[in-house]
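Heads up: the structure comes next, in structure tokens.
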Amino acid sequence: MTEELKAELQELKAENEKLRGQIKTLTQQIADPNVTSDLWRNIHYGTAGHRRLQVYPEPAAIEDPHGAPLVTSDGQVLKESGSLEFGDCFEVQSQTQVGDVLWLQIRGKKNGWVMGTVGRAPDPVLINCINLTLWKTHEGPIPPAAFEGQDFPAMGMYTAGYPGRSEICVASASGSAFWRELNIAMLFADIGTSTVFEQAWGGSENFQDWVAYYASNCEAYGKLRSEHPKHLVVVVNHTENWKKYPVRGPDVEQAKVDIGRAQYHECIWLRDMHKRLGLKWESVTFTTAFKFLQEHAKWTRRDFQEAAIKRVKSDFEGGDGKKAFEKLTGMERTYVQKCARWCIEEAFPDGPPAETQDLLEKMEGMKVAIVPPDLDPGAHYRLVFVTSTSRDATATDIGTYNAFAVAAAATNPELTSLSTTWTCIGSAGNRTTSAYVNANQNTLTRTSDQDAPIYRLDGVRVADGNTHLWGGSLAHPISIDENGDALSTKVWTGTQSDGVRAADWFLGDTAGDWVYYGLSTCTGSGKGGSAWVDNLDQTKNSQYSFYAISGILIVPAA
């Protein structure tokens, strides 16, 4: 080991000891009834439907602090008198330790007792509440020991907004840009946020309720209607434009590429509300997650680099609420890979460590989902794509078109690794020799052939099986090419929607100059401009794409 590495190791050990000592001191202070504070905060995350922290009339010895409902040691069910929302702040009047539970007495209108921590200091097994005064001077990421027992997920962390005494309020934030780390930092730094759980935006039957919820949060936590509104902050996603941030009051339409769909609606509402209230839109700051954490949570570049490396690893391997990269659909892979790339670029302007770079390159090379994400090991399936290359429809031998499909698949190493057959979805024939082949025969997708669901290369299911494929309408269009890219194009098929050739207009038909084609962006059937297979006919010398379908594949063992 070099002297430089030894020095770095000693530095890391010193930092670790410092954090351990800090946590030990803080947990001891939390358990000390002589410690007083203006404000505490509920950080009890709980499970879906149980986010609230219950308030009880008096403290009691609990048989199982993790049970629901709580039962006292003498067998009585403890009746709650109220509850606190996640992120709610409250004053503590007194503390008392009963068994393994540290009870906190709330001062004010929600007067009662809550379970502050479970387990004896300095090593509690569950921390529900934090003393904000003790964290006022903290710098850097919050150690996990400070929120022991709280399962804050990396993806889809639910919040409904919460208050804070800080002069800033996070009015909108990307769920893909360290949303978990942002929430933890805001909770401990006494920063408020008006952001509502973004999955509810637009996709919920209660959409209007959520809009009203968000609006009330902005007024309550951002104090928009007060004499001294808070400084609002919008945290953008990881994009190639990260260098231009922070910026104040940008054109929302121009910033749209750097924020999510839900954020866009939030920002439109914020901008319009600023106009109505006579506030300056230029006072709203748009920034990246790293720059926010750097300014308001005192993160260092090293802190962010460590978080970025961890993020890329979890993006690839899964865990912590995330699916493994190989289990994502093609569109999901593209999004995750791009976010990871720009996150790493911001964290490491001079380039990331070799191991992280290798993971990024692996993700970039896994653009195609060769194993559907919704199937279990051992399940059968097929893959289908539209070729990015094109040719005419003059050949009478179906083998010519099958070879074209094989050649297209061969350009992608992931597809060649499957060692499967590739055939074109097409009907061809030779009037001279009376040699005809139907599309369902060529692809072995007749009702008598082995059945299996059919997927695009982005993991989206096109058809549930042979009957569905030739039933007149697909679940989704075959609009992804052999490289995993979306492609809108005309496609030679020479067949009808039932997989059988017509009396004419098949591939290579010499009786006339016309051949059936379909549209890669359509799912229907029959002439009229919306058919995937038999949309209209065109002169056979035209250069169009082809559909290529695999043989039966099997999902490998996990």
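The values are calculated or read from the model by the stated rules, or taken from the named source; none is laboratory data. Here the structure is a predicted model, which is why all the values come from computation and not from measurement. Cβ atoms come from the backbone with ideal geometry, glycine included; neighbour counts cover every protein chain shown. Surface accessibility is based on the protein's heavy atoms, side chains included, excluding ligands, DNA and RNA. Shrake-Rupley method; radii C 1.70, N 1.55, O 1.52, S 1.80 Å.
Among the residues of the stretch 506-528, just one is of a type in the set (Val, Ile, Thr) and crowded, with 22+ Cβ neighbours inside 10 Å, namely Val515. If you go through the stretch 67-91 and keep only what is at pLDDT 90 or above and within 35 Å of the chain's Cα centre (by Cα), you end up with Gly82, Ser83, Leu84, Glu85, Phe86, Gly87, Asp88, Cys89, Phe90. Of the residues Ser448, Ser473, the single one that is without any contact (Cβ under 8 Å) to a residue 60 or more places away in the chain, over 33 Å from the mean Cα position of the chain (by Cα) and open to solvent by 50 Å² or more (accessible area, probe 1.4 Å) is Ser448. Looking at the stretch 124-164 only, could you name the residues that are part of a loop (DSSP other than H, G, I, E, B), over 19 Å from Phe90 (Cα atoms), under 27 Å from the mean Cα position of the chain (by Cα) and of a type in the set (A, V, I, L, M, F, W, C)? Within the stretch 124-164, Ile142, Phe152, Ala154, Met155, Met157 meet the criteria. For the stretch 3-25, the count of residues that are surrounded by 11 or more Cβ atoms within 10 Å (Cβ to Cβ), modelled with pLDDT under 65, more than 30 Å from Arg165 (Cα to Cα) and of a type in the set (A, V, I, L, M) is at least one. Of the residues in the stretch 288-308, at least one is closer than 24 Å to Pro144 by Cβ, surrounded by 23 or more Cβ atoms within 10 Å (Cβ to Cβ) and in contact with an Asp or Glu (Cβ under 6 Å, 6 or more places away or on another chain).
Let's see how each residue does on (1) more than 23 Å from Ala297 (Cα to Cα); (2) of a type in the set (Val, Ile, Thr):
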site: Arg107; (1), (2): yes, no
site: Val114; (1), (2): yes, yes
site: Ala121; (1), (2): yes, no
site: Cys129; (1), (2): no, no
site: Thr133; (1), (2): no, yes
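One residue alone among Ala486, Ala503 is surrounded by fewer than 24 Cβ atoms within 10 Å (Cβ to Cβ), without any contact (Cβ under 8 Å) to a residue 60 or more places away in the chain and in contact with a helix residue (DSSP H, G or I) (Cβ under 9 Å, 6 or more places away or on another chain), and that residue is Ala486.
Applying the condition of being out of contact with any Gly (no Cβ under 9 Å at 6 or more places or on another chain) and of a type in the set (A, V, I, L, M, F, W, C) to the stretch 533-556 and asking which residue is surrounded by the most Cβ atoms within 10 Å (Cβ to Cβ) yields Ala548. Selection within the stretch 92-109: residues that are under 40 Å from the mean Cα position of the chain (by Cα) and surrounded by 15 or more Cβ atoms within 10 Å (Cβ to Cβ). The member of this set that is farthest from Val196 (Cα to Cα) is Asp100. Confirm whether Lys362 is surrounded by fewer than 21 Cβ atoms within 10 Å (Cβ to Cβ), basic (Lys, Arg), in contact (Cβ under 8 Å) with a residue 24 or more places away in the chain and outside any loop (DSSP other than H, G, I, E, B). When the stated conditions are applied, Lys362 passes them.
The residue that is nearest to the chain's Cα centre (by Cα), counting only those in the stretch 335-355 that are open to solvent by 40 Å² or more (accessible area, probe 1.4 Å) and of a type outside the set (A, V, I, L, M, F, W, C), is Tyr335. Taken as a whole, the structure places Arg456 among residues that are more than 28 Å from Thr396 (Cβ to Cβ), crowded, with 20+ Cβ neighbours inside 10 Å, out of contact with any helix residue (DSSP H, G or I) (no Cβ under 6 Å at 6 or more places or on another chain) and not hydrophobic (A, V, I, L, M, F, W, C). Would it be correct to say that Leu375 is aliphatic (A, V, I, L, M), open to solvent by 40 Å² or more (accessible area, probe 1.4 Å) and either within 21 Å of Ile554 (Cβ to Cβ) or within 32 Å of the chain's Cα centre (by Cα) (or both)? So Leu375 does not fit the description; no.
Matching residues to (1) of a type in the set (A, V, I, L, M); (2) under 19 Å from Gln496 (Cβ atoms); (3) touching a Leu at 6+ places or on another chain (Cβ under 9 Å):
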{"position": "Thr411", "(1), (2), (3)": "no, no, no"}
{"position": "Thr416", "(1), (2), (3)": "no, no, no"}
{"position": "Trp422", "(1), (2), (3)": "no, no, yes"}
{"position": "Ile425", "(1), (2), (3)": "yes, yes, yes"}
{"position": "Arg431", "(1), (2), (3)": "no, yes, no"}
{"position": "Tyr436", "(1), (2), (3)": "no, yes, no"}
{"position": "Gln441", "(1), (2), (3)": "no, yes, no"}
{"position": "Ser448", "(1), (2), (3)": "no, yes, no"}
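Give the residues of the stretch 79-91 that are buried (at least 16 other Cβ atoms within 10 Å of the Cβ) and more than 16 Å from His44 (Cβ to Cβ), sorted by residue number. Residues satisfying the conditions do not exist here. Could you please find all residues in the stretch 177-226 being on the phi > 0 side of the Ramachandran plot, at pLDDT 75 or above and open to solvent by less than 50 Å² (accessible area, probe 1.4 Å)? Answer for the stretch 177-226, where residues must be on the phi > 0 side of the Ramachandran plot, at pLDDT 75 or above and open to solvent by less than 50 Å² (accessible area, probe 1.4 Å): Phe178, Asp190.
Just one of the listed residues (Thr495, Thr521) is touching a residue at least 24 places away in the same chain (Cβ under 8 Å), in a loop (DSSP other than H, G, I, E, B), under 20 Å from Asn402 (Cβ atoms) and not charged (D, E, K, R), namely Thr495.
Would you check if Ala403 is in contact with a Gly (Cβ under 8 Å, 6 or more places away or on another chain) and open to solvent by 30 Å² or more (accessible area, probe 1.4 Å)? Taking the combined requirement at face value, the residue does not satisfy it.
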